[in-house]
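Below is one structure, written out as C-alpha cells; comments come after it.
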Amino acid sequence: MAPKEKRSAKEEKVDILEPIEVKEGPLRPYLDIETSKELIESRAPSTLFEKGLLAVLVVVGAITRFHRLEIPTNVIDNETVVGNIISKYINREFFVGITPPLAHLAYSFVSVFNGFDGSFPFQPVGHPYPNKVPYATFRFFASFLGLLTVILFYSTLRVSGVRAIVAFAISLALIFENGYVTISRYIFDESPYMFFIALAIYLFKRSQLFPMNSCKSYTSLIGSAVALGCVISTKWTGAFIVFWVGIALILKFILTIGDLTKPVCPSVKHTTIKGLLCLIIPAIVYMLTFYAHIKLTTHISKDAELLSSEYRYDLIGNDLPENIKAPIGLGSKISLRHTGTYGGYLHSHTIFYTTGSKQQEVSLYPYQDINNEWTIELYSESGKPITNFTELVDGTKIRFLHHTQCRLHSHDHKPPVSENSDWQKEVSCYGYGGFEGDANDDWVVEIDKDKSEKNAQHAVKAIDTKFRIRHYMTGCYLFSHETPLPATSYKQQEVTCASQGIKDLTLWYIEENEHDFLPEDTERVSYKTPSFFQKFVEIHRKIMYLAAKYDIPKVYSSNPLTWPFMLRGVELSSHNFENVYFIGNAVMWFSTTLFIFIFAAGFAYELIAWQLGKPIFQNTYVINFHIQVVEYLLGFAIYMAPFILLGGNHFIYEYLPAYYFAALALGHGLDSLFVIPCSKTIRQASYVILAVFTLTNIYFYTNRSHITDGTMWNTDLCEKAKWLQSWDYDCNGYTLSLEDFQAQKAQKVKAEDDTPVTYGFPAKTDPAKLDKVEVVGDLVEEKKDDTVFMDEQGNILDPEEVKRLVKEEGAVLKKTETHV
C-alpha cells in the first residue's frame, strides 16, 4: 500500500476519515465498506465552522437569485408556456401540455397565496406584465428552489466524502453558475426539475452512508424514491435519473457481496427491496400527480379538441349530445365521427376540389355543424320517402345523402393532397336535387365486432357500434389521416378511400341520430364517463402526440454532442434593453468537461496497468474517489446517451442534469488535490488552485450577469464579453453607452393595462439630460417643466387629469418626441 503522511487526529477529523478499509481475507484481500459512526458524523454539518460555510452559501445564493426579480418587466421565452398553464389551472380549463404537470401544479399552488386570478395569458413573448400579475412571486418561488439546489449540492458532496472547504468552494462556484442562475430566476420548469433531481441524488447518497439494513438507510431511500417520483412527474427525461439509481444500487450490491464480513442473502434481500421501492414509489407519485391534474382541469377548452368524445363528455361546458336515440335505421339523419384521428366529423361544404374530379369537397371538421349532417339511404331506394323504421345491420349496402343534396362518392381519381399514394382515391360529394345517384355512391357497412359493445355488434347503434364503410365498386374503405387540405379548404382534414393503411384510420361511429319513425321512449345512449386510468392513458397518448408534433427544428436548437463545449446558448428575451440569454459559466462548464476527459484517460490507464499485473487502488481514499466519481459519471453518461442516440431537437439547458452530475464528479477531483499528493507544499498549493477556480467563476459570472438577470449593460462591454463568436447574444439590443441606457430607462413606465396616454418632449429637449422619473405608488410623473401630456389625437391634457387616468384607469404613459 502507498505510504500515508501522518496527520494529527484533529486534522484527520476535520479533513476526512477513511471511508473504506482494505482487509486481508483467507484467500484474497477485500474491502470493508461498513461505515463507522464517526465517519457518518464527520459528513454532517455539526461544527460551527461548517454551519458558517452553509450560512455564507445561503446568503450569497439568495443575493444572486433574489436580486431584482421584477426585471425583465416583460414576459420572456418559456414563461409564456408555464404562465399560460398557471392561468388554465386557476380557471380549471382542460389542457394538454408536452411534459408531466408537477412543476406547473407547484407554480399554480403558489398562485393560490398571491391572489392571481388567471386572467393574464402570459402571451406573447415581450408583452409587459400588468401590475396585477404577481410574476415576481412566481420567480421568487423558482429562485428559492434554485437556492435549495445549491445547498443540496453541497450536502451531496459532503455525504460522498468531499471535505467541507472543497464542497464549499465548488458550491460557491455553482451559485455563480450563469446557467443555473438563469433557470432559477424565471418561471421555468427547469428550476423545480433540478431541485427534485438534487434532492433525489442527495437522499440516495445519504441512504448509502448508513448500513444497508438500517432504518436511516431505508428512510433516506424512501425520501429519494419520492423525489424520483417528482422528477419524472416534471419531465419524462427524469426516468434517466431513476435508471441511474438502479445502476448505483447494483454497484453497491457488488461492493457489498465482495465484503467478506457481509452475508449474501440479506444483501440480496435488501437490494431487491430497495430496487422495488425505487420503482413503485415514483410510479405512485407520478400517478397522484396526474390525478391532481385531472381533478383541476374539469372545464371544456380549445385543447379538448384533441380528446376522445368520452373524455370531453365528462368536461364541464361540453356541447356533445346526450340521450341519443340508439337504433340507427334507413332514413336516419346522422353525424359520422372518425375514431383514429382528432379531425372530427365527416363533413362537406360548397367548396370544390381544384384537382381531380373538381366535385364538392369532403373533409373532417372538428366542430358540430349543419354540414356534418348525412341521411342514410338504401342503395336501391335513393330519393324515395321513408314510411317505417328499418334497422341498419352489418353488411347493408347504403348511400349517404348530404343536406346539400349530393351523395358521398368515390371514383378513380387521385385525392387532392395524397395524390402520390396509389392506394388512396378521391372521396367527393356528387349529385344534386332530384338526382338518384349512381353506383359510385354505394357503400357497405362492416361492423368491427372487437371494437363495438356486445349489444351493438349485429345492428348499428349510435356511439356503441364501431364500423367501417367499404366502397362497393372499388373495395376501398372510407379513410382519413392527419393530412390537411389546402388553405382554400380551411386546412380541414383530408378524407380519401383507402385500399391499405392503418385499420383504425378506417373506423367510424355515429354520434347524432334522428329518425321520424323512432318513438320518444326508444333506447337511448350517451357517452360513458371514462375512469381515471382511461383518462390517464389517453392524456399520455395526447402528450406524446403533441411532443412528436412540436419536435421540429427551432432557432436555438443544438446538437447534444456540443453541449459539454458550450458552443452556443439560448436567447430568452430581447425587449426594452432587458436582454436575457442562457449561457453557462465557462470556467465551471469547461472544467467539468476537462475533468471528464482526464478521468477517462486515467481510468483507462489504470485498467491497462491492472491487466498487466501492476498494483493499483491500494490507497483507501483513492478507492473511494474512484467509486464516487465513476458513480457520478455514470449518471452523466446515462442522462446524455438518449439525447445523443435518439436525436430530436433540443436546447442546451437540457444538459443541466448531466452537468450537475459532472460538477459533483469535479468536486471529488478538486478534493483529490488535497489527499493524493504526498508533498505538504503541493497540498497547500491546492488551496491556491481552489481559490483561483472559485474567483474565476465569480469573475465570469459578474462580467456577464447582465444577460442573466436582464439588467442594464452597453454594447461595448457586451461585445468584449464574448469569448466565442458562436455565443450569439444580441449586443445590438443595448445602447452604446451606460448614460444612454439610463436616459432611456428613466422614461420607461409600466401600468395596469394598455389604455393609451402619451407624454412627449419638445424636439429641442435632449433625452440624455432629462431628470429621472419620479414614481409614487402607481403614479408616474416626469419632473421636467417642459413635459407635456396628450392623448392619441394630440389633445393636450391637464397634468391632474393624467394623474387620475394613471391612478384610476391604469393608463400607460408612452414617451414620444413631439413639437408643441
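Percent relative contact order of the chain, based on C-alpha pairs within less than 8 angstrom and at least six residues apart? Relative contact order, the chain: 13 percent.
When peptides 263-271, 192-200 are sorted by average Cβ neighbour count within 10 Å, with the highest value leading, the order is 192-200, 263-271. Summary of packing: across the peptides 712-721, 695-704, 221-230, the per-residue average of other C-beta atoms within 10 Å ranks them, highest first, as 221-230, 695-704, 712-721.
With neighbours defined as other Cβ atoms within 10 Å of a residue's Cβ, the residues Glu419, Glu190, Glu310, Glu631 order from fewest to most as Glu419, Glu310, Glu631, Glu190.
Applying both filters, DSSP loop and at most 12 other Cβ atoms within 10 Å, to the trypsin sites (Lys or Arg not before Pro) of the range 456-519 gives Lys491.
Please work out whether the range 606-712 counts as rounded, prolate or oblate from its C-alpha gyration tensor, where a ≥ b ≥ c are the square roots of the eigenvalues and a/c under 1.5 means rounded, while otherwise a/b larger than b/c means prolate and anything else oblate? Oblate is the answer for the range 606-712, as a/c is 1.5 or above yet b/c matches or exceeds a/b.
Fewest neighbouring Cβ atoms within 10 Å first, the residues Lys262, Lys722, Lys205 line up as Lys722, Lys262, Lys205. Between amide H atoms placed 1.01 Å from N, distances below 5 Å from Gly344 occur with His338, all of them 5 or more places distant or on a separate chain.
Residue-wise HN-Hα couplings along the range 133-144, as the Karplus relation 6.51 cos²θ - 1.76 cosθ + 1.60 with θ = phi - 60° gives them from phi, are 9, x, 5, 5, 5, 4, 5, 4, 4, 4, 5, 4 Hz; Gly and Pro carry x. Rounded to the nearest 20, the Cβ-based charge dipole of the chain about its Cα centre (Lys and Arg +1, Asp and Glu -1) stands at 3700 debye. For Glu79, Glu391, the sequence from fewest to most other C-beta atoms within 10 Å is Glu391, Glu79.
Rounded, prolate or oblate for the range 321-526? Axes are the square roots of the Cα gyration tensor eigenvalues, ordered a ≥ b ≥ c, and the cut-off for rounded is a/c under 1.5. Since a/c reaches 1.5 and a/b is larger than b/c, the shape of the range 321-526 is classed as prolate.
Cross-link check: pairs Lys51/Lys262; Lys302/Lys325; Lys88/Lys535 evaluated at a Cα-Cα cut-off of 25 Å; pairs beyond the cut-off: Lys51/Lys262; Lys302/Lys325. Taking a ≥ b ≥ c as the square roots of the Cα gyration tensor eigenvalues, with a/c under 1.5 meaning rounded and otherwise prolate when a/b beats b/c, else oblate, which class fits the range 307-368? In terms of gyration-tensor shape, oblate.
Sorted on the mean count of surrounding Cβ atoms within 10 Å across their residues, most packed first, peptides 639-647, 106-114, 421-429 read 421-429, 106-114, 639-647. Here's how it looks for Cys406: its modeled amide H is under 5 Å from none belonging to a residue 5 or more places away or on a different chain. Over the range 192-296, the Kirkwood radius and the radius of gyration, each from Cα atoms, give a ratio Rg/Rh of 1.03. Across the range 694-702, coupling constants 3J(HN,Hα) worked out from phi with the 6.51/-1.76/1.60 Karplus curve, θ = phi - 60°, read 5, 5, 5, 5, 5, 4, 4, 4, 5 Hz, and Gly and Pro carry x.
Dipole of the chain computed with +1 at Lys/Arg Cβ and -1 at Asp/Glu Cβ about the Cα centre; of Gly115, Leu717, Ile86, farthest Cα towards the positive end is Leu717. Structure note, pairs Lys216/Lys274; Lys451/Lys491; Lys358/Lys425; Lys37/Lys274: Cα-Cα distances above 19 angstrom occur for Lys451/Lys491; Lys37/Lys274. What label, among (1) 134, 67, 53; (2) 108, 92, 47; (3) 81, 62, 53, belongs to Cα extents along the principal axes in Å computed from the structure on display? Matching the structure shown: (2). Shown in residue order for the range 274-287 are the 3J(HN,Hα) couplings computed by the Karplus curve 6.51 cos²θ - 1.76 cosθ + 1.60 at θ = phi - 60°: 5, x, 5, 4, 6, 9, 6, 4, x, 5, 5, 4, 4, 5 Hz (x for Gly and Pro). Considering only Ile241, Gly97, Pro124, and ranking their Cα positions along the charge dipole of the chain that arises from unit charges at the beta-carbon of Lys, Arg, Asp and Glu, the one farthest toward the positive end is Ile241.
Close amide H contacts of Gln493 (hydrogens built in the peptide plane, cut-off under 5 Å, sequence separation of 5 or more or a different chain): Leu364, Leu485.
Dipole magnitude for the range 192-296: about 100 debye, using +1 per Lys or Arg Cβ and -1 per Asp or Glu Cβ, origin at the Cα centre. Centre-to-centre, using Cα atoms only, the range 51-87 and the range 449-476 are separated by 57 Å.
No lab work stands behind these numbers, since they all come straight from the coordinates. All values derive from a computational prediction rather than experimental measurement. Neighbour counts are summed over all protein chains in view; Cβ atoms, including those assigned to glycine, are modelled from backbone coordinates with ideal geometry.
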